[in-house]
Structure formats: C-alpha cells, structure tokens
1. With respect to Thr222, is the statement that it is under 21 Å from the mean Cα position of the chain (by Cα), outside any loop (DSSP other than H, G, I, E, B) and either in the same structural domain as Val62 (by TED's automatic domain parsing) or among the hydroxyl-bearing types (Ser, Thr, Tyr) (or both) true?
2. Taking Thr115 as the residue in question, decide whether it is β-branched (Val, Ile, Thr), buried (at least 21 other Cβ atoms within 10 Å of the Cβ), assigned to a loop (DSSP other than H, G, I, E, B) and touching a residue at least 40 places away in the same chain (Cβ under 8 Å).
3. Select from the range 151-183 the residues that are under 26 Å from the mean Cα position of the chain (by Cα) and surrounded by 22 or more Cβ atoms within 10 Å (Cβ to Cβ) and list them in ascending order.
4. Looking at Ala31, Ala5, Ala22, Ala56, can you tell me which residue is crowded, with 22+ Cβ neighbours inside 10 Å and either over 29 Å from Leu150 (Cα atoms) or within 18 Å of the chain's Cα centre (by Cα) (or both)?
5. Only residues that are of a type in the set (A, V, I, L, M), surrounded by fewer than 24 Cβ atoms within 10 Å (Cβ to Cβ), modelled with pLDDT of 90 or more and assigned to a helix (DSSP H, G or I): list them for the range 297-327, please.
6. Kindly check whether there is at least one residue in the range 214-228 that is in contact with a strand residue (DSSP E or B) (Cβ under 9 Å, 6 or more places away or on another chain) and surrounded by fewer than 22 Cβ atoms within 10 Å (Cβ to Cβ).
7. For the range 184-203, how many residues meet the condition of being touching a residue at least 24 places away in the same chain (Cβ under 8 Å) and either within 18 Å of the chain's Cα centre (by Cα) or more than 28 Å from Ile274 (Cβ to Cβ) (or both)?
8. Does the range 282-296 hold any residues that are touching a helix residue (DSSP H, G or I) at 6+ places or on another chain (Cβ under 9 Å) and surrounded by fewer than 19 Cβ atoms within 10 Å (Cβ to Cβ), and which are they?
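The values are calculated or read from the model by the stated rules, or taken from the named source; none is laboratory data. Just so you know, these numbers come straight off a predicted model, no measurement behind them. Every residue, glycine as well, gets a Cβ built from its backbone with ideal geometry; the counts of neighbours run over all protein chains shown.
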Amino acid sequence: MLTIAIAPDSFKGTLTAPQAAACMARGLVRAIPKVRTRLIPMADGGEGTVAAVVGATGGRLVRRRVRDPLGRPVRATFGLSGDGRTAVIEMSEASGLVRLAPGERNPLMTSTAGTGDLIRAALDLGARHLLIGIGGSATNDGGTGMARALGVRFVDRAGRELREGGGALGRLARIDMSGCDARLLKARIRVACDVDNPLCGREGASRVYGPQKGGTPAMVATLDANLRRLAAIVRRDLGVEMLHVPGGGAAGGLGAGLMAFAGGTLRKGVEIVIDCVGLAKRLDGCDVVITGEGRMDGQTARGKTPAGVARVAKQLGLPVIAICGMLGPGVEAVRKAGIDAWFSTVVGPLDDKDVKATAARRLTDAAEQVGRVLAARLSGGGRGGRARSDGRL
C-alpha cells in the first residue's frame with residue numbers, strides 16, 4: 001500500500017499548514033482510496049512555526065498579556081513543547097505588522113518589547129530552550145526593545161534611558177547589561193530566520209524592509225545610521241560583532257539583537273523546524289513526499305520550507321512533489337533543490353475574494369490530480385508499464 005508524507009508550509013493568507021495538509025490528504029484519497037497519508041505540517045520560522053512544533057511534540061499553547069509594537073497591551077500566544085522544556089515563539093505575535101493598522105506603521109517608534117515579554121513569560125514557565133521565529137516584524141530597533149524588556153538598559157550621554165524604537169538609537173551612548181535576566185545565561189536560544197540580510201547597508205534591515213513598515217526614504221536613512229551606531233556600541237561595550245552577521249538584519253535587526261543581548265544563534269528557520277519535528281524519522285517508510293506553499297518561485301530554493309523538506313526526502317531516496325498556490329519567476333530553481341515536479345492550484349483568473357473563498361477546494365482538487373498520476377504509475381499505466389508487486393513507485 002502506498003504511503004505518502006504530506007509536509008507543506010502554510011498557504012499564507014488562505015490556509016494554515018495543518019489545513020493545507022488536510023486538503024492534500026482528502027484529494028489523494030479521492031484518487032487512491034487505500035492510500036496511507038502521514039500529515040506533517042511544516043514551517044520555516046514564520047507563520048505556523050508554533051503550530052508545527054507544538055503539534056509534533058504534543059505540546060500546548062500559552063497566552064500572555066504583552067505589549068504590541070506601540071506599547072499597547074495585547075494578548076499573544078506562544079507554544080510549549082510536550083516536555084515543557086522548549087518554548088516556541090513567533091515574534092510577529094507581539095511585534096508584527098499584523099498588530100498595526102496601515103496608518104500606524106512607523107519604524108522610528110515601533111518596538112520589540114512585546115517579544116521580550118514573551119521570552120520572559122517562557123522563562124517563567126521553566127523553558128530553557130527557546131526557538132524564536134522572527135518573520136513579519138513591524139520593527140526596526142535592532143532588538144533593543146526585546147532586550148530592555150529583559151533588563152538591559154540603553155542610555156544617552158546624560159545617563160537617561162532612551163525611549164522605545166529605532167529612531168532613538170541615534171542618541172545611544174552606553175549599554176548596561178548589569179540588570180539583564182540571569183536566566184538567559186542558562187538558556188539555549190535558537191533564532192529561526194529565512195533571510196540572510198545583514199544589519200546595515202544596501203541589503204540591510206532598514207533599506208530592504210523599512211519601507212514596508214512605513215518608513216519614508218528619510219526614515220530609512222536615519223534608521224540605517226542608528227543601527228550602525230548600535231552595532232558600534234555593542235562591539236565596544238559587549239565585545240560582540242553584529243554588523244555583518246548573515247541574518248542579523250532579519251526583523252529589523254532583531255536577529256542581531258538576539259545574538260548580542262541573549263546569546264542566540266541564527267539558523268535557517270526550516271532547518272530548526274526539521275529538527276524539532278523529527279522530519280527524517282517521520283519520513284521513514286514513506287514512498288512519496290508532497291510539500292507546498294502559497295507561492296513557489298526562485299526564492300523557494302534558497303531555504304524555504306519546500307526546499308528544506310526536499311533536502312531531507314532526497315537523503316532518504318524519496319521522490320518529492322510540490323503543490324503551490326501560485327508559480328513565480330525562477331521556479332525552475334526548485335528542481336536543483338530536490339523537487340521533482342510542481343503543480344499550481346490556480347486554473348483560471350481569480351480575484352482576491354475568490355482566492356480565499358476557494359483555496360481549500362482548489363488545493364484538494366490539485367492533490368487529487370497528483371494522486372491520479374501516482375495511481376496510474378502504480379497500476380502500470382502507460383505503454384509497456386508494469387505495476388510493482390510491492391506497491392512502491
């Protein structure tokens with residue numbers, strides 16, 4: 001009997017990873033009624049990371065009151081693994097763009113303080129291994145808000161505390177770590193990011209991502225200069241080089257901040273999730289792997305979920321098929337990443353309303369067609385074909 005592993009990312013804006021996996025399974029069963037499916041929802045450090053790890057470990061969700069990017073109280077969720085030792089945090093829960101209306105976006109003012117609140121809450125529950133996904137931020141403060149929430153002080157020449165936000169870092173004169181939460185010294189913090197941008201410069205946090213957070217050209221120039229100043233003072237006061245670290249510019253510099261102030265290590269998000277869910281072990285005994293995401297293009301091959309899943313599958317000698325919502329430029333690059341074939345769920349013109357309303361049906365239908373191709377191969381379809389007696393492809 002054919003066993004298919006289904007390991008997609010979320011289809012952002014339409015389906016969560018568990019929902020996408022369930023749709024794919026329904027479509028496959030239509031085509032191959034006796035198929036065995038193994039659902040393994042995945043993520044790459046952004047949306048869905050908490051759900052993927054909590055689901056794989058039998059953990060639970062925890063809600064706490066924290067601060068949003070403008071300091072207002074909100075309720076945010078993080079995950080705790082089944083053994084209670086690992087906390088999984090998505091920074092966007094507290095400090096993401098989703099927390100702000102378009103007119104509220106201002107990277108000079110927004111802060112990662114709420115992410116620090118979540119870290120402190122996880123430490124309070126006894127977690128000493130923290131996995132922090134840092135996609136979707138509304139901030140550009142180099143992680144200083146996060147650090148301040150954990151006891152770090154950022155002061156000007158007169159010894160006064162700086163206000164929150166990346167705009168104030170131009171007055172930074174000294175960093176005082178004496179009040180930093182001592183539990184961080186005993187914690188292992190892994191930072192999941194899916195970009196390799198440095199902190200500053202043309203490819204840095206401010207210039208690449210600042211505009212989508214509400215930054216004007218003048219704001220972007222100020223923020224870039226301020227993060228450069230932060231990096232210089234971190235080097236002087238803490239002895240940590242954060243300016244050129246790949247991924248340091250993720251989430252407005254939170255990647256570099258977690259490394260400098262909390263001892264975090266940066267890795268590609270999908271690699272961390274692969275480890276946490278035990279993907280290689282869960283693919284053992286499968287015949288085919290199906291993955292997917294909302295949009296597949298040239299960026300997919302640079303470390304997004306389908307490429308990470310394909311890497312593990314290929315180590316086990318398994319064929320990999322991807323189903324995605326849309327195909328974008330450079331999608332051919334995913335073949336080198338180990339994806340053997342890809343299919344889109346879009347079969348005609350769709351407006352935004354149609355995309356959301358029909359996402360589940362279209363994904364199920366596309367998976368059914370993939371299943372019919374696999375069924376034809378199993379039955380020896382095609383000229384001269386013969387079915388395998390062991391049920392494998």
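1. Answer is no for this residue.
2. Working: β-branched (Val, Ile, Thr): yes; buried (at least 21 other Cβ atoms within 10 Å of the Cβ): yes; assigned to a loop (DSSP other than H, G, I, E, B): no; touching a residue at least 40 places away in the same chain (Cβ under 8 Å): yes.
No, not satisfied.
3. Glu164, Gly165, Gly166
4. Numbers: Ala31 fails: crowded, with 22+ Cβ neighbours inside 10 Å; Ala22 fails: crowded, with 22+ Cβ neighbours inside 10 Å; Ala56 fails: crowded, with 22+ Cβ neighbours inside 10 Å.
Only one candidate qualifies: Ala5.
5. Taking the range 297-327 first, the residues of a type in the set (A, V, I, L, M) are 301, 307, 309-310, 312-313, 316, 318, 320-323, 326-327.
Going one step further and asking which of them are surrounded by fewer than 24 Cβ atoms within 10 Å (Cβ to Cβ), we end up with 301, 312, 316, 318, 321, 326-327.
Then drop every residue that is not modelled with pLDDT of 90 or more, which leaves 312, 316, 318, 321.
Val312 - this is the single residue of the range 297-327 that is of a type in the set (A, V, I, L, M), surrounded by fewer than 24 Cβ atoms within 10 Å (Cβ to Cβ), modelled with pLDDT of 90 or more and assigned to a helix (DSSP H, G or I).
6. Start the filter on the range 214-228 by keeping residues that are in contact with a strand residue (DSSP E or B) (Cβ under 9 Å, 6 or more places away or on another chain), which leaves none.
Scanning the range 214-228 turns up no residue that is in contact with a strand residue (DSSP E or B) (Cβ under 9 Å, 6 or more places away or on another chain) and surrounded by fewer than 22 Cβ atoms within 10 Å (Cβ to Cβ).
7. As a first pass, look at the range 184-203 and keep what is touching a residue at least 24 places away in the same chain (Cβ under 8 Å): 184-200, 203.
Going one step further and asking which of them are either within 18 Å of the chain's Cα centre (by Cα) or more than 28 Å from Ile274 (Cβ to Cβ) (or both), we end up with 189-198, 200.
Qualifying residue count, the range 184-203: 11.
8. Matches in the range 282-296: Arg282 only.
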